[in-house]
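Take a look at the structure set out below.
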Amino acid sequence: MILLDGKVISEQMKAEIAQEVENIKKQGGKIPHLAAILVGHDGGSETYVGNKEKSCNQVGFRSTVLRFEDTITEVQLLEEINKLNNNPEIDGFIVQMPLPKHISEQKVTEAIDPKKDVDGFHPLNIGRMTIGMPAYISATPDGIIELLRRYKIETLGKHCVVLGRSNIVGRPISNLLSLKGYPGDCTVTVCHSRTKNIPEITRTADILIVALGQAEYVTADMVKEGAVVIDVGINRIKSDKTKSGWKLLGDVKFDEVAPKCSYITPVPGGVGLLTIISLLKNTLKATKKEIYG
Ligand code: NDP
């Protein structure tokens, strides 16, 4: 069994991005500049945005955080988005979700210029990705693709079972893995809460991607010998054995599943660590105008 190590890959990718920034600097080019809009004071969102700023600094990007009170109106927020769309200093930006209830997340997502949509949530980017055109791909599916690539995992003709059909994980990754070329060419089955006989289906998976949000859902009897298992789930569970009073568990019962696998991701330390790197990668692409020219 080989561990798909998100820490090792993320460090490797950060170093590659930092090197590219150095090269850009030497050539007098534009330093990538990522902006983030943060509305309100949600603890989780503050942490995510803080981590994004830190990662930007580590690779030599510029970063800007625009903070607004949660009393901001939808119209005002859309105006701020428009300003970023038209600001040539900003290469890409994100709007940290969730937003206050009086603001439509869909409207906000659609207001972002697709050329600056480094989160890859704009319907244009999703559509382009779906038909295999160059597009900003959102962080989690992109992180999974990076893991498959970097560990040179064979995908051609493999049966890939994806547990979960959310717009941010299950749906995009099942689409990407069915596209022509590496790392695609899989035969993909997508399962969800209405799927019957999930264990029967997962037992036929060469590659099993699990994104349910159900702690330790996948057990050893559900996995084929030699399968590649990618656990996207992050579940915060109460624990009296840790100082913090809680622990993180994946959607896969790691201890019993790992011995059966050829490759498996740990939680934490797997896919999660790559998501921030995908955002940096997309920002670099935006600066270099790689997707839209
Ligand atoms: P969602 O809640 O949006 O989607 C969950 C999906 O799983 C749905 O399609 C749902 O089916 C299906 N599902 C839930 N329970 C069952 C069940 N018992 N049997 C069959 N299907 C089920 O979750 P996300 O996709 O946003 O996230 C999934 C997990 O991944 C979460 O733990 C989340 O924290 C984690 N995550 C991790 C990230 C990372 O960076 N590593 C990034 C994003 C998410 P239906 O559609 O029918 O309701």
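Residue-by-condition table, conditions (1) in contact (Cβ under 8 Å) with a residue 60 or more places away in the chain; (2) within 17 Å of residue 141 (Cβ to Cβ); (3) over 17 Å from the mean Cα position of the chain (by Cα):
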site	(1), (2), (3)
179	no, yes, yes
194	no, no, yes
222	no, no, yes
228	yes, yes, yes
235	no, no, no
242	no, no, yes
259	yes, no, yes
287	yes, no, yes
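Taking the conditions exactly as written (acidic (Asp, Glu) and over 18 Å from residue 285 (Cβ atoms)), does residue 110 satisfy them or not? Yes.
Using the structure shown, decide if residue 283 is under 27 Å from residue 128 (Cα atoms), assigned to a helix (DSSP H, G or I) and more than 16 Å from the ligand (Cβ to nearest atom).
Details: under 27 Å from residue 128 (Cα atoms): yes; assigned to a helix (DSSP H, G or I): yes; more than 16 Å from the ligand (Cβ to nearest atom): yes.
Taking the combined requirement at face value, the residue satisfies it.
Between 173, 153, 234, the distinction of being on the phi < 0 side of the Ramachandran plot, near the ligand (Cβ under 8 Å from one of its atoms) and not aromatic (Phe, Trp, Tyr) belongs to 234 only.
For segment 244-280, taking the residues that are of a type in the set (A, V, I, L, M) and away from the ligand (no atom under 14 Å from the Cβ), the one that is nearest to residue 54 (Cα to Cα) is identified as 280. Quick check on segment 149-167. Is at least one of its residues touching a Ser or Thr at 6+ places or on another chain (Cβ under 7 Å), among the β-branched types (Val, Ile, Thr), surrounded by 23 or more Cβ atoms within 10 Å (Cβ to Cβ) and closer than 30 Å to residue 80 by Cβ? No; the residues of segment 149-167 include none that is touching a Ser or Thr at 6+ places or on another chain (Cβ under 7 Å), among the β-branched types (Val, Ile, Thr), surrounded by 23 or more Cβ atoms within 10 Å (Cβ to Cβ) and closer than 30 Å to residue 80 by Cβ.
For segment 249-256, the condition holds for no residue, the condition being that it is buried (at least 22 other Cβ atoms within 10 Å of the Cβ), part of a helix (DSSP H, G or I), in contact with a helix residue (DSSP H, G or I) (Cβ under 7 Å, 6 or more places away or on another chain) and not hydroxyl-bearing (Ser, Thr, Tyr).
Pick from 227, 220: which is at pLDDT 95 or above, surrounded by fewer than 17 Cβ atoms within 10 Å (Cβ to Cβ) and more than 10 Å from the ligand (Cβ to nearest atom)? Selected residue: 220, the only one of 227, 220 that is at pLDDT 95 or above, surrounded by fewer than 17 Cβ atoms within 10 Å (Cβ to Cβ) and more than 10 Å from the ligand (Cβ to nearest atom).
The values are calculated or read from the model by the stated rules, or taken from the named source; none is laboratory data. Only a predicted model underlies this, so the values are computations on that prediction, with no experimental measurement involved. Don't worry about glycine lacking a Cβ; one is built from the backbone with ideal geometry, like all the others, and counts go over all protein chains shown.
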